[in-house]
Structures are given as C-alpha cells and as structure tokens.
Amino acid sequence: MLTQRRRARLSLSLIAAVLLAWAPSSAQQASEGGAAANDIRIGNVMPYTGPLAAFATIGRAEAAYFDMVNERGGINGRKIKFISVDDSSNPHTALQQTRELVEKENVLLMFGSFGTPSNLATRAYLNDKKIPQLFVASGDEEWANPKKYPWSMGWQPTFRAEGRIYANYIQASYPDSKIAVLWQNDQFGRDLFRGLQEGLGDTAGMIVADLAFDASDTSIQVQIEILKDSGADILVFNGAPAIAARAIRIAADLDWHPVFILDNASASIASALRPAGLQNALGVISTSFLKDADDAAWKEDPPIKAWSAFMDKYFPDGDKEDSYAIFGYAAAETMVQVLTQCGDDLSRENIMRQAASLKNYLNPVALPGIAINTSPTDFRPIKQMRLVQFDGNIWQPIGDVIESAFVNAPGDK
C-alpha cells in the first residue's frame, strides 16, 4: 500500500503535470486570438511604395489615430498594436504579407487594407481562417456579400454607386452634352464606369468616347488628345490621383476645358489638385462623404477642431489638405467604435457581430446626414455621398446628401 506521504507526492506531481499540459494550450489560444491581456493586434496592408503610394497616407493616419487611442488608455484597458506593411499594390505580395501577419504576428483581425486587387487576393484566405477583414479601403461591391464572405466588410460608398450619382448629375445639369470617359483599366475603373452607364440608362449614348489606361502608365497625353477630338464637353475621370493630376494639367495645356468630373478616390487637394495646378482644377466636380477640414463652414466644428489638434500632435508630417488623412482618421474611429462595443469579448466572432450591428453611428467627421448602418445582411456601412465642386481653394457642396443605397450588392441577390 502507498504511504500517505507518497500519495501526497504523487498527487502534487499529477497536479503539476496537468498544469504544465494546460498552460501552453492556454497561451496558444491567447496568442491565436490576437488579443492578449494588454494589447489588441491589428494587421494592415498599404501601398507605401509603388504607383499608388499616395494612398499610404491612409495607413499613416490610422497608425497615428491608434497612437492617440493608446496614449489615452487604449480600449477597455488594452493597447492597440497596429502592424501595417507594404505591398506596393501587388496582390501576390499582399497575400504573402497577410499570411505573415496572421501566422507569425498573430493579428486578431485585418483592418483598412487598401485596394481592390490586393484585398480580393486575401479574401478567401481570411474567410477560410475566419479572420475579420474589416473596413476594406475599396469601394468595390465585393465587400458587401455576407452570405458568401461573412468575414469581409467594406466601409466607403461603392464605386458603382458613385458612377450613378455622376450620371444623375449630368442628366439634370447637362442633358444635351457629350461625355468622354477616361478610366483605369481594373475593377475599380470598370465599376465606376459601369455605374455611370447604368445611371444614364437610355441616355448612355451621351458617352461619345471612352479610353482606358493602366495604373502604371506614366503618360496619358495621347488619350486626352483623342478624347478632346471626340467633341465631348464633359470628361469623367476615374483613376488614381497621380494620373488625375496629369489629366487635369494636360487638358488645360491643350486649352480643353470640359466639365471635369473626378472620382472621389482622387479628390485630394494635396495629391491630385495641387500637383495639377489649383488654377487648372478650378470647377472640378467630385463627391464627398467626409467633412473638408479647410472648408470655412467647419471652422468652429468641434470634431474638425479635434481632428486638427490630432494632426498637429500625432501626425505632424501629414498634410491637412490631404483627404486621405481624414479618411484614415474616420476609418480608424469606426474600428475603435466596433472594438469598444465588444467589451471584454474580443473573440473574432464577436468582432464581426459588432461590426454588423452599427446602428445610426455618426462618425464625427462624416458629413451631416450621413450615418453608418450595418446588419448581418447589410455589409455596406456608408451608403451616402454629396456632390462637391472645387472653387480654387476648397471643395464646396452642391445640393443635398444623396442616398446611394439603390445599387444592389452581390450579396443582395
């Protein structure tokens, strides 16, 4: 028979063995979740280099916003560890970087990664792993398909809806005009062009010429000359800001002064209009869903004052005239809202649940009348925009907020 002392030693050994067996599993679960006792690990992919590097301001502004949140105590006692990496707008690189963020950096979720091709390249992997792919920085409709991709959600209005808004504006203001379209030869460019054609409907014959270009093109002189010769008096441009700047400048050099409609993604004074020459950009029309910090109408607006103070302290190298800075700020604010709603339950399932239950959330820097709403069947947080026109210094609003939710997303079918 075992002595009492020996039985005690065996019992202690068994307890120690159980604890040792349990401890690695518990630690592994904590690290896999990306939310340890003291931090929340968030992954992000941005084009810090390459032809779309202007959009990297979004990632820098998001990083600065999270720095501010951390300085103020974090979220429910946890600090955010924001790990943002460069993919140079290469989908293959984006997938490789995302895998490393998930499998080596143990991020809890991916947030705000830029671009349609790069995010499409990572979507299947993230959904298979059941990792949230939240508030994608792309207006493609693919981010609103909760039935097929329940872990992926966009943030901004769709490119297709934006195209329809331009069509409605043209029909109302220039019903007898001819339209030329210069569009980027990728899914972004095709979606906006498709929305324009749909919005014009029976009057789509107003489009007398359209030409495509690659995002890597360094010159679009020939395209602009051809479109000018088409006799069009409206030019719709949808592409990246660097090429937008060239298009505006070349048209002016050719003494061609059409009604110039510029996609929202390139409506940055810092990245597109200033390089084009502000005098050349006078009268350009675009859309907006966020406040313009340079607009005198918001001079005394508390949220814009807070944003300006944020830029001074946390992003001093940023340009307050760069709309991508306020875009990143607003997107990060929305992400923090979701994480705050999660409370102490930072499981990936709850994060998606909270992201899909935003009810009339008013982002402080969104235009009045624009609310963020989501549901388990509605993965389109922002559905409204406003037409704006550049007066040589700032963007001025044209008309009221336009509801763009009439465009069905793939998940609605």
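The values are calculated or read from the model by the stated rules, or taken from the named source; none is laboratory data. Everything numeric here is computed off the predicted structure, so don't read it as measured data. Every residue, glycine among them, receives a Cβ derived from its backbone with ideal geometry; neighbour counts consider all protein chains shown. These accessible areas exclude ligands, DNA and RNA; they are computed on the full protein's heavy atoms, side chains included. Shrake-Rupley method; radii C 1.70, N 1.55, O 1.52, S 1.80 Å.
Scanning the stretch 351-371 for residues that are surrounded by fewer than 19 Cβ atoms within 10 Å (Cβ to Cβ), touching a residue at least 24 places away in the same chain (Cβ under 8 Å) and not in a loop (DSSP other than H, G, I, E, B) yields one hit, Tyr361.
Yes/no matrix, rows are residues, columns are (1) open to solvent by 10 Å² or more (accessible area, probe 1.4 Å); (2) not in a loop (DSSP other than H, G, I, E, B):
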{"residue": "Pro117", "(1), (2)": "yes, yes"}
{"residue": "Thr122", "(1), (2)": "no, yes"}
{"residue": "Leu126", "(1), (2)": "no, yes"}
{"residue": "Ile131", "(1), (2)": "no, no"}
{"residue": "Ser177", "(1), (2)": "yes, no"}
{"residue": "Arg190", "(1), (2)": "yes, yes"}
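Applying the set (1) modelled with pLDDT under 95; (2) farther than 18 Å from Gly154 by Cα to Glu105 leaves exactly one unmet item: (1).
Of all the criteria given as (1) in a helix (DSSP H, G or I); (2) of a type outside the set (A, V, I, L, M, F, W, C); (3) modelled with pLDDT of 95 or more, the one not satisfied by Pro24 is (3). If you check Pro241, Pro302 for being closer than 30 Å to Lys383 by Cα and either open to solvent by 20 Å² or more (accessible area, probe 1.4 Å) or of a type in the set (Ser, Thr, Tyr) (or both), only one passes: Pro302. Do you know which of the residues in the stretch 37-48 that are open to solvent by 40 Å² or more (accessible area, probe 1.4 Å) and out of contact with any Asp or Glu (no Cβ under 6 Å at 6 or more places or on another chain) is modelled with the lowest pLDDT? So, considering only residues that are open to solvent by 40 Å² or more (accessible area, probe 1.4 Å) and out of contact with any Asp or Glu (no Cβ under 6 Å at 6 or more places or on another chain), the one modelled with the lowest pLDDT is Ala37. When Gln96 is tested against the conditions (1) touching a residue at least 12 places away in the same chain (Cβ under 8 Å); (2) open to solvent by 50 Å² or more (accessible area, probe 1.4 Å), the lone failure is (1). Answer yes if at least one residue in the stretch 314-324 is hydrophobic (A, V, I, L, M, F, W, C) and within 21 Å of Pro381 (Cα to Cα), and no otherwise. No, because not a single residue in the stretch 314-324 is hydrophobic (A, V, I, L, M, F, W, C) and within 21 Å of Pro381 (Cα to Cα). Set side by side, the residues Ala272, Ala281 differ, and just one is open to solvent by less than 30 Å² (accessible area, probe 1.4 Å) and assigned to a helix (DSSP H, G or I), which is Ala272.
Ser347 satisfies every condition listed in (1) buried (at least 19 other Cβ atoms within 10 Å of the Cβ); (2) modelled with pLDDT of 90 or more; (3) more than 18 Å from the chain's Cα centre (by Cα); (4) not basic (Lys, Arg) except (1). Test of understanding: among Glu105, Glu142, which residue is open to solvent by 40 Å² or more (accessible area, probe 1.4 Å), closer than 28 Å to Gln384 by Cβ and in contact (Cβ under 8 Å) with a residue 60 or more places away in the chain? After ruling out the rest, the residue left standing is Glu142. The set of residues from the stretch 239-272 being touching a strand residue (DSSP E or B) at 6+ places or on another chain (Cβ under 6 Å), of a type in the set (A, V, I, L, M) and in contact (Cβ under 8 Å) with a residue 40 or more places away in the chain comprises Ala247, Val259, Ile261, Ala267. Taken together, the criteria place Leu227 among residues that are part of a helix (DSSP H, G or I), open to solvent by less than 10 Å² (accessible area, probe 1.4 Å) and not acidic (Asp, Glu). Kindly indicate the residue of the stretch 177-193 that is out of contact with any Phe, Trp or Tyr (no Cβ under 8 Å at 6 or more places or on another chain) and modelled with pLDDT of 95 or more and also nearest to Asp210 (Cα to Cα) among those meeting that condition. Ranking the qualifying residues of the stretch 177-193, first place goes to Ala180. Would you be able to say whether some residue in the stretch 286-301 is of a type in the set (Lys, Arg) and touching a strand residue (DSSP E or B) at 6+ places or on another chain (Cβ under 8 Å)? For the stretch 286-301, residues of a type in the set (Lys, Arg) and touching a strand residue (DSSP E or B) at 6+ places or on another chain (Cβ under 8 Å): present. No other residue among Asp295, Asp317 is surrounded by fewer than 23 Cβ atoms within 10 Å (Cβ to Cβ), at pLDDT below 95 and touching a helix residue (DSSP H, G or I) at 6+ places or on another chain (Cβ under 9 Å) apart from Asp295. Among the candidates Ala281, Ala272, single out the residue that is in contact with a Gly (Cβ under 9 Å, 6 or more places away or on another chain) and not acidic (Asp, Glu). Going through Ala281, Ala272 in turn, just one is in contact with a Gly (Cβ under 9 Å, 6 or more places away or on another chain) and not acidic (Asp, Glu): Ala281.
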